[in-house]
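Only one structure is covered here, and it is reproduced in the block below.
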Amino acid sequence: MVGSMFQLDLSLDSSIYQCSEKLMSSKILFSYDFWSKVELFPLFAKLADRLCRVTDPVLAKQYAEQFSFFTRCVTECLYNENFDITVSKVLKLSRGVLEKLPSSSRDKTFYKTKDKVYGSTMNLLRQVIPLEQVNFTTKESILEYCFEIVDRSEYYSHLGNVQLLSTLLKEYTSITVEDCHRILQIIRLIWQELIKDRLVMKQRDLHHKFIQLLMSNVFLKFSITDKILADDIFDIASQIIDNSSVRKSLLPTLFKCVSDYQVENSESFEKAYWLGRLLVKGAFLYQSDDSIFLMDNVLAREYDKYFNMGDKGVYEQVYGWPEFCYRIWIKAVVSSIKSHQFALTLWDYILANDQVFHLIQPVKRTDHKEQWKRLQLLALMLSTLDIMDTVKLKYYMDKYLLPRIFKEASPLCRVYIEWMISLMGYKHAEFRTYFQESFRESVQEQHPMAISIYERSVVLIAKQMPRVQESKLLTKFLVDVVVPSATSNRALTRHFSSSMAGVILNEITAKRLEIPPVLLSALENIDKVAQMAASYGRFRSGNAMLWDITDDLTLSGINGGVLLKISDREIDAIYEKSWKKYLSLDQRSILRLPIGHDQPDRWVKEKRNTKIKLDAYAGREEDSSMLQTKSGVWSTVMETDSNIRAVSNIKRSPLIVLASLVDKPPNIGGICRLCDCLGAGWMTVNDINVKERTEFLSVAVTAERWMPILEVNVDKIIEFLRLKKKKEGYTLVGLEQTDNSVELNSELKFPEKSLIVLGKEKNGIPANILDELDICVIIKQTGVVRSMNIQTATAVIVQAYSAQHC
């Protein structure tokens, strides 16, 4: 059989050639001695003649499989002495392959055969290029062919084209910027074709190689001096980022290329300022938190836990690096730059494009996703604060950050701004004076938010100072601000300042600072009285409100570590182990900021409903509000070994809400939403396709993704109630006004296994269904209008059930 394969015997079935890759892996049949004796040129000549002369599509398919087999053989025989296949011969073949086939064919899938032949041709060309010196003429012929083939290409052709261009960039040492523009023109055409097909998931290898070609070192080096080239690369890379919100593996590949380029060419990297804009766009992207996007993470983790015996997880085998790795590489790259001009590019791009990033003027100040995006931008800015030009930095502080801190609704975002203000105040005495003057009026007026920001910032600055300077600063600070504020008639101001008095007392004791005895005595009494108060412990105090502005200036600290220490909100943190696992030793060696260490003993672990959080209430001014987190369906705290936003373990009740009689999609959507919110086990609808209706979706607001929904047609309701649920022990409850209805009040007890039947919007529950029910419930109404909307009525009765059983 092997002999017949190498004779290109047409009597062999095509499937044998299709499976040849596995067959060739046998070292018994295909040993080194075997390959050293193989002469491929006669096979090449024979195949070239067949492919250029063939007119029958059926034969062409067989030749295509033989040609794929031949290119696999070339890989093994490249360095044989008798290897005589040259670039010019392959280019000649490429011009005539399948040219005599009729333009139209009854076989609608024949385009796949053509695609495979074109792909094999380019693959063969890619393999023989390194064997000879590529001259100008050869380079021109290759580029011309790559350009011409794009509009006839599918998957294999695009893959071959991308790999061929990558090899050309590597092997042709005289590439010019004009050549780069021509190659980039081909790349753009390929990208347009890929986008047209919506980036087919099973073509991930093509997408990865495409990105690696786009971000190749040759292009990036030329982009430093050629703005047009830089803008073209940035445009395509930006489109890749935009298409990554619901697609995996693109971003890790993209930013791994950026990271590798920085490691290999750190000096030239910092002259490619457009890369700063790309890093900002990548950090700003919020990937989908839909269950379908996250499900494979969950499944992969469970599979690895019970079945995987190998070193690599199944997710890594399929997709490559975990998705969150792209954030690690972005943050590492930013934390490795040393040029203040590159850092200025980041700040300028963020602040000058607020219509895109909304850092200064958020669209929805309390939206969870917007908060996440602002946190990423602020983290980038904080990471480059130490290398920013001082004059520019003061300008940005004065114009943007200081005014913004009073309007920022998110306590987490305020932490980053306070951190930057504190670092500036610590390093520059004149800025510290300016900062104090900026807050003077607000502090005198005892605004709770101003007091909390000012007091925390001053203490953060003071903790970094030498002993004598710290003593002087804290003495004045205690007399002017803390002690007066601890007696304020505003509860929030009083609580925060009393707590801060305890923090300062600990600092004085630990460092033996020189504080006047009378002032020290007053401080001790304030702390003593605060601890005796009945409400002590309901508010976070002491070090739970502070961090170290210099020691915590690490990758782990900036990217969630500090927030974990001072807040019990959902924090999308990247832990120390992840930095060390996914950053190469070379990347770590050029870091400007250290990785740092996790401090789990200082993380806030209390549940949100067990304690009142001071930082959440300190901003309740006219121009601020508590942060809304209802849009954060998935927990976004990063696990050390996996990047999974997982749904909390929701325990649903046995309650079933039968909504099959409700026929208006908005009402069904609203019922779905409230059933999910209140923990109902199931709901039923007449037609499951209602979930696709726009009117339903606009009211359900993604609840249909989480709420278990069952289709029970109207004509099958009685069968469903009588033959199924009644036998399962369910009590059938109707929400209807009848002469025997029971009033819904605190004395009415629902069985745990209850099924609530909702009626039609106008006519209620039909008589034949009423006959099947165990009880009907009526909601007491005392107003003029004695009719509730079906959504409202459902909310009332389901809440009454949930209060008893959830």
For the stretch 1-42: of the residues being among the charged types (D, E, K, R) and out of contact with any Asp or Glu (no Cβ under 9 Å at 6 or more places or on another chain), which is farthest from Q62 (Cα to Cα)? D33
Are any residues in the stretch 779-795 surrounded by 17 or more Cβ atoms within 10 Å (Cβ to Cβ) and β-branched (V, I, T), and if so, which ones? I790, T794
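Here is a yes/no grid of residues against (1) closer than 17 Å to R327 by Cβ; (2) of a type outside the set (A, V, I, L, M, F, W, C); (3) touching a Cys at 6+ places or on another chain (Cβ under 8 Å):
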position: I233; (1), (2), (3): no, no, no
position: I240; (1), (2), (3): yes, no, no
position: T253; (1), (2), (3): yes, yes, no
position: V263; (1), (2), (3): no, no, no
position: E270; (1), (2), (3): no, yes, no
position: D290; (1), (2), (3): no, yes, no
position: N308; (1), (2), (3): no, yes, no
Filter pass, S68 being in contact with a helix residue (DSSP H, G or I) (Cβ under 9 Å, 6 or more places away or on another chain), free of Cβ contacts under 8 Å to residues at least 12 places away in the same chain and small (G, A, S): no
I need the full set of residues from the stretch 13-37 which are touching a residue at least 24 places away in the same chain (Cβ under 8 Å) and either in contact with a strand residue (DSSP E or B) (Cβ under 9 Å, 6 or more places away or on another chain) or among the charged types (D, E, K, R) (or both), in order please. E21
Between F69, F83, F34, which is farther than 15 Å from L124 by Cα and either in contact with a Lys or Arg (Cβ under 8 Å, 6 or more places away or on another chain) or in the same structural domain as G3 (by TED's automatic domain parsing) (or both)? F34
Which residues, counting only those in the stretch 220-245, are free of Cβ contacts under 8 Å to residues at least 40 places away in the same chain and either among the small types (G, A, S) or buried (at least 19 other Cβ atoms within 10 Å of the Cβ) (or both)? I240
Matching helices (runs of 4 or more DSSP H) fully within the stretch 362-446 where at least 3 residues are more than 20 Å from K281 (Cβ to Cβ): 390-396, 402-405, 411-427, 429-444
What about L51, is it assigned by TED's automatic domain parsing to the domain that holds R126, modelled with pLDDT of 95 or more and surrounded by 12 or more Cβ atoms within 10 Å (Cβ to Cβ)? yes
How many residues, within the stretch 792-802, are within 11 Å of G759 (Cα to Cα) and not hydroxyl-bearing (S, T, Y)? 1
Please go through the stretch 129-140 and give me each residue that is under 21 Å from F44 (Cβ atoms) and at pLDDT 95 or above, ordered by number. I129
Yes or no: K112 out of contact with any Pro (no Cβ under 6 Å at 6 or more places or on another chain), over 27 Å from C77 (Cβ atoms) and in the same structural domain as F69 (by TED's automatic domain parsing)? yes
Is it the case that the stretch 749-766 has a residue that's in contact with a Lys or Arg (Cβ under 6 Å, 6 or more places away or on another chain), surrounded by 16 or more Cβ atoms within 10 Å (Cβ to Cβ) and modelled with pLDDT of 95 or more? yes
If I504 meets every condition in (1) over 30 Å from R365 (Cα atoms); (2) surrounded by fewer than 17 Cβ atoms within 10 Å (Cβ to Cβ) apart from one, which number is that one? (2)
What's the number of the condition S336 fails, among (1) modelled with pLDDT of 95 or more; (2) surrounded by 21 or more Cβ atoms within 10 Å (Cβ to Cβ); (3) assigned to a helix (DSSP H, G or I)? (3)
Are any residues in the stretch 632-655 touching a helix residue (DSSP H, G or I) at 6+ places or on another chain (Cβ under 7 Å) and modelled with pLDDT of 90 or more, and if so, which ones? S653, L655
Looking at the stretch 461-492 only, could you name the residues that are under 19 Å from I549 (Cβ atoms) and among the basic types (K, R)? K463, R467
Subset of the stretch 660-693 [out of contact with any helix residue (DSSP H, G or I) (no Cβ under 8 Å at 6 or more places or on another chain) and assigned to a helix (DSSP H, G or I)]: I688, N689, E692
Of the residues in the stretch 768-785, those that are within 49 Å of the chain's Cα centre (by Cα), over 21 Å from V714 (Cα atoms) and part of a loop (DSSP other than H, G, I, E, B) come to I779, K780, Q781, V785
Looking at V712, V701, can you tell me which residue is β-branched (V, I, T) and at negative phi? V712
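The values are calculated or read from the model by the stated rules, or taken from the named source; none is laboratory data. Treat the numbers as computed from the prediction; the structure is a model and nothing was measured. Counting neighbours? That spans all protein chains shown, and the Cβs are built from the backbone with ideal geometry, glycine included.
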